[in-house]
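Visitor: Sharing a structure with you now.
The values are calculated or read from the model by the stated rules, or taken from the named source; none is laboratory data. Values in this document were obtained by computation on a predicted structure and should not be read as measured data. Don't worry about glycine lacking a Cβ; one is built from the backbone with ideal geometry, like all the others, and counts go over all protein chains shown.
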Amino acid sequence: MHQPLRELVQDVTRVIDRSSDEETIVAAVKSSMRKLVAANGWLPEEFTRCTGPSYSQHLLYCDPLERFSVVSFVWRPQQCTPVHDHTVWGVIGQLVGEEVSQSYDRLPSGKIVAHGPPEVLRKGEVTTVSPREIDIHVVRNASRDETAISIHTYGANIGRVNRNTYDLATGERTTFVSSYSNSVLPNIW
Ligand code: FE
């Protein structure tokens, strides 16, 4: 049942073992992520649920050396993130429903301005974030009545990384650590 996830974890471990080049790693992770989110039925039910008032971030796997992590994000209809960054590369694949992402640039003055139009991520589609390119965005579930689930792979133990939210009006930056929604560590192998 969990074979597609096991394959992604093995593929990402192999590429990170042989390369530290972000471009090489992200290209390989995107290819694995496309296969993962094209597959259905592999994500255990407990990782498809929203467990609190906010959207949930369920850790599915963390590399023992914290070189990458895999997380399922579960959004109730119209739930939305703050404007935030990641500080490490990330590859996002849409498993269920649709999400909308608006990217932003941070000007030297600290002002936050929209970068292009909003992007819709549909079932099976994959996108990326990177501190080397566009790393600031806001994401919401596009649907008024359906749950959305996306699978994220990041180049660190993302739940433990110091990163930032941004106030769109003032540009003020606030450090946060996202943590995970899990009450226990997953064992889905
Ligand atoms: Fe994000």
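Visitor: Checking the conditions here, which among Leu59, Leu65 is among the aliphatic types (A, V, I, L, M), surrounded by fewer than 16 Cβ atoms within 10 Å (Cβ to Cβ) and at pLDDT 95 or above?
Guide: Only one candidate passes the filter, namely Leu65.
Visitor: Looking only at region 49-99, which residues are in contact with a Gly (Cβ under 6 Å, 6 or more places away or on another chain) and away from the ligand (no atom under 16 Å from the Cβ)?
Guide: none
Visitor: Sticking with this structure for a sec: (1) in contact with a Lys or Arg (Cβ under 7 Å, 6 or more places away or on another chain); (2) under 18 Å from Val70 (Cα atoms); (3) part of a strand (DSSP E or B): which one isn't true of Ile92, the others all being true?
Guide: Result: Ile92 fails condition (1) only.
Visitor: Here's a follow-up. Of these, Thr24, Thr51, which one is in contact (Cβ under 8 Å) with a residue 60 or more places away in the chain and outside any strand (DSSP E or B)?
Guide: On the way: Thr24 fails: in contact (Cβ under 8 Å) with a residue 60 or more places away in the chain.
Residue meeting the stated conditions: Thr51.
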